[in-house]
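The values are calculated or read from the model by the stated rules, or taken from the named source; none is laboratory data. Note that the structure is a prediction, hence the values are computed from the model and not measured. Cβ atoms come from the backbone with ideal geometry, glycine included; neighbour counts cover every protein chain shown.
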């Protein structure tokens, strides 16, 4: 069985809605053979990443950057995971009130430094969460799960 790790910082109702939609997409009955594991960014470890076949990262955009919690996750796992997790497929969702460009750029730079490969375009949500945003997050979760599914 493959394992999809969702590392998230759900500091607001909006980011929680997005997280839940990603999780629902990843656990859809249409995709078999994938175990979905969720970890808050402050609790996720290098061991979690080593055990994963794919990863979804979720963060609010705080002052033009990813959350401190997701940055802490990267600080914790970067060197231990640098060689052993190359080519790990990943996805990203970001919620911002005004702009999320800096947060997306920062996550993509760090994931690229780790040698992780984007399996889908980032889902970027600005302002109030819409039905289309939730659908995009559902698709993100399903895409990552399908990417690592053994069937």
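Only one of the listed residues (3, 23, 86) is part of a loop (DSSP other than H, G, I, E, B) and within 24 Å of residue 151 (Cα to Cα). That residue is 86. For region 49-64, the set of residues classified as under 17 Å from residue 105 (Cβ atoms) and within 15 Å of the chain's Cα centre (by Cα) consists of 57, 58, 59, 60, 61, listed by residue number. Do we have residue 38 as over 17 Å from residue 145 (Cβ atoms), under 12 Å from the mean Cα position of the chain (by Cα) and in a strand (DSSP E or B) here? No; evaluated as a whole, the condition is false for this residue. As for region 86-97, it holds no residue that is closer than 12 Å to residue 5 by Cβ, surrounded by fewer than 16 Cβ atoms within 10 Å (Cβ to Cβ) and touching a residue at least 24 places away in the same chain (Cβ under 8 Å). Determine whether residue 79 is at pLDDT 95 or above, out of contact with any helix residue (DSSP H, G or I) (no Cβ under 7 Å at 6 or more places or on another chain) and either over 25 Å from residue 30 (Cβ atoms) or not in a helix (DSSP H, G or I) (or both). So residue 79 fits the description; yes.
Pairs linking a residue in region 98-111 that is farther than 16 Å from residue 7 by Cβ to a residue that is outside any helix (DSSP H, G or I) and at pLDDT below 95, with Cβ atoms under 6 Å and 6 or more positions apart or on different chains, are 102/64. Residue count for region 6-21 under the criterion of being in contact (Cβ under 8 Å) with a residue 12 or more places away in the chain and within 18 Å of residue 127 (Cα to Cα): the result is 10. On the stretch given as region 90-106, residues that are closer than 17 Å to residue 17 by Cβ and assigned to a strand (DSSP E or B) total 6. Entry remark, region 114-151: residues being in contact (Cβ under 8 Å) with a residue 60 or more places away in the chain and farther than 21 Å from residue 27 by Cβ number 2 in total.
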